[in-house]
Amino acid sequence: IQGSLVGEAWERCRNPLLLRFFCEAYDGRPAGGRDVGEVAEIRLYPLFVLFWKQKLGNIQDRLGDQLVSQAVSDFILTVAGLMHRSHRTTVSRREVAGALDSDLRAMLVPDSIYVRTLDEEIIIEEETNSLTASANIFFVYDKFSEFAISLHIYQDQGWQEKTAEQIKSDTRGLMQEETESEFATLRGALEFLVWQLEAYRADEDIHIQV
C-alpha cells in the first residue's frame with residue numbers, strides 16, 4: 001500500500017501487530033484503494049471491519065468455494081463465543097471441535113477451515129500446553145479478540161432485532177458479568193459493541209454507555 005502515517009497513527013503503528021493489521025486490511029484492494037494518503041488517526045473498529053472482510057475473502061479465494069466465507073466467520077465467532085462463556089482468552093482445540101460438532105482429525109486436514117485460518121498467521125494461533133499436551137487456540141492480537149467477541153455477542157444476542165430497552169438491559173448484564181468475572185476482554189468487547197450499534201442502527205437513536 002501507499003501512504004504516510006503521521007501523529008497519533010504513527011505512534012500507534014509502532015505496535016507491529018497493529019501495523020500489520022493496517023497493511024493487510026488494505027492489501028489486495030484495487031490500486032486506487034491501496035493509496036491511503038496521509039493517515040493521522042486509526043480507528044480500530046472500521047479498521048477491523050475492513051480487515052475482517054479482506055481476510056474472509058482471502059480464505060474463500062484460496063479454497064475456491066463461495067460458501068466458505070460464512071464457514072470461516074462461523075468458526076472464528078465460535079472461538080470468540082467459547083472465550084466469552086469461559087471468560088478466558090485461550091480455548092482448547094478439543095473445546096472448539098466440540099462446539100462445532102467436528103472430529104478433531106477433520107479439523108487438522110490441510111484444507112480445513114481451521115488450518116486455512118491458522119495459515120493466515122494473523123487471526124489465530126495455536127500453542128501446546130507442555131504439561132497436558134493439549135493444543136490451545138488464541139487470537140494473535142488482543143484487540144481483535146475483543147472485536148470478535150463483540151461480533152459474537154451482537155449476533156448471538158440478536159441485537160439487530162432487539163429494541164433499545166432490550167439492548168440496554170443486555171448491556172447492563174454484560175457490564176455486571178465483566179465486573180464479576182474480571183474478564184477484561186469483555187470490557188473491550190462492550191466498547192466495540194457501541195461502535196457496532198452506531199454502524200448498523202445509527203438511525204434508531206440507540207445509545208449505550210459502558
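In table form, for the structure just shown:
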{"quantity": "Any hit, region 28-36, residues being out of contact with any Phe, Trp or Tyr (no Cβ under 7 Å at 6 or more places or on another chain) and buried (at least 18 other Cβ atoms within 10 Å of the Cβ)", "calculated": "no"}
{"quantity": "Criterion: crowded, with 16+ Cβ neighbours inside 10 Å and touching a strand residue (DSSP E or B) at 6+ places or on another chain (Cβ under 6 Å) - qualifying residue of F138, F192", "calculated": "F138"}
{"quantity": "Complete set of residues in region 180-210 that are more than 20 Å from A148 (Cα to Cα) and modelled with pLDDT of 95 or more", "calculated": "E180"}
{"quantity": "Checking E182 against (1) surrounded by fewer than 17 Cβ atoms within 10 Å (Cβ to Cβ); (2) on the phi < 0 side of the Ramachandran plot; (3) of a type outside the set (G, A, S), the condition it does not meet", "calculated": "(2)"}
{"quantity": "Residue within region 94-105 that is more than 20 Å from V68 (Cβ to Cβ) and touching a residue at least 24 places away in the same chain (Cβ under 8 Å) present", "calculated": "yes"}
{"quantity": "Any hit, region 93-106, residues being open to solvent by less than 20 Å² (accessible area, probe 1.4 Å), outside any helix (DSSP H, G or I) and at pLDDT below 95", "calculated": "no"}
{"quantity": "Cβ-Cβ under 8 Å pairs, at least 6 apart or on other chains, region 193-210 side touching a residue at least 60 places away in the same chain (Cβ under 8 Å), far side surrounded by 13 or more Cβ atoms within 10 Å (Cβ to Cβ) and in a helix (DSSP H, G or I)", "calculated": "W195/Y45; Q196/Y45; Q196/S150; Q196/L151; Q196/Y154; A199/Y45; A199/V49"}
{"quantity": "Qualifying residue in region 115-130 (condition: more than 29 Å from G173 (Cα to Cα), surrounded by 19 or more Cβ atoms within 10 Å (Cβ to Cβ) and out of contact with any strand residue (DSSP E or B) (no Cβ under 7 Å at 6 or more places or on another chain))", "calculated": "yes"}
{"quantity": "First in region 163-177 and within 18 Å of A189 (Cα to Cα) and touching a residue at least 60 places away in the same chain (Cβ under 8 Å), second anywhere and of a type in the set (D, E) and assigned to a helix (DSSP H, G or I), Cβ under 6 Å, 6 or more apart", "calculated": "none"}
{"quantity": "Residue match in region 44-58 (condition: open to solvent by 30 Å² or more (accessible area, probe 1.4 Å), free of Cβ contacts under 8 Å to residues at least 40 places away in the same chain and of a type in the set (G, A, S))", "calculated": "no"}
{"quantity": "Residue in region 188-206 that is basic (K, R) and farther than 17 Å from T89 by Cβ present", "calculated": "yes"}
{"quantity": "Every residue from region 113-142 that is modelled with pLDDT of 95 or more, out of contact with any Leu (no Cβ under 6 Å at 6 or more places or on another chain) and either in a loop (DSSP other than H, G, I, E, B) or farther than 15 Å from V79 by Cα (or both)", "calculated": "V140"}
{"quantity": "Residue match in region 159-173 (condition: in a helix (DSSP H, G or I), open to solvent by less than 20 Å² (accessible area, probe 1.4 Å) and either of a type outside the set (A, V, I, L, M) or in contact with a Pro (Cβ under 6 Å, 6 or more places away or on another chain) (or both))", "calculated": "yes"}
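The values are calculated or read from the model by the stated rules, or taken from the named source; none is laboratory data. These numbers were taken from a predicted model, which means no experiment stands behind them. Note that each Cβ is placed from the backbone with ideal geometry, even for glycine, and that neighbours are counted across all protein chains shown. Heavy atoms of the whole protein, side chains included, go into the accessibility calculation; ligands, DNA and RNA do not. Shrake-Rupley method; radii C 1.70, N 1.55, O 1.52, S 1.80 Å.
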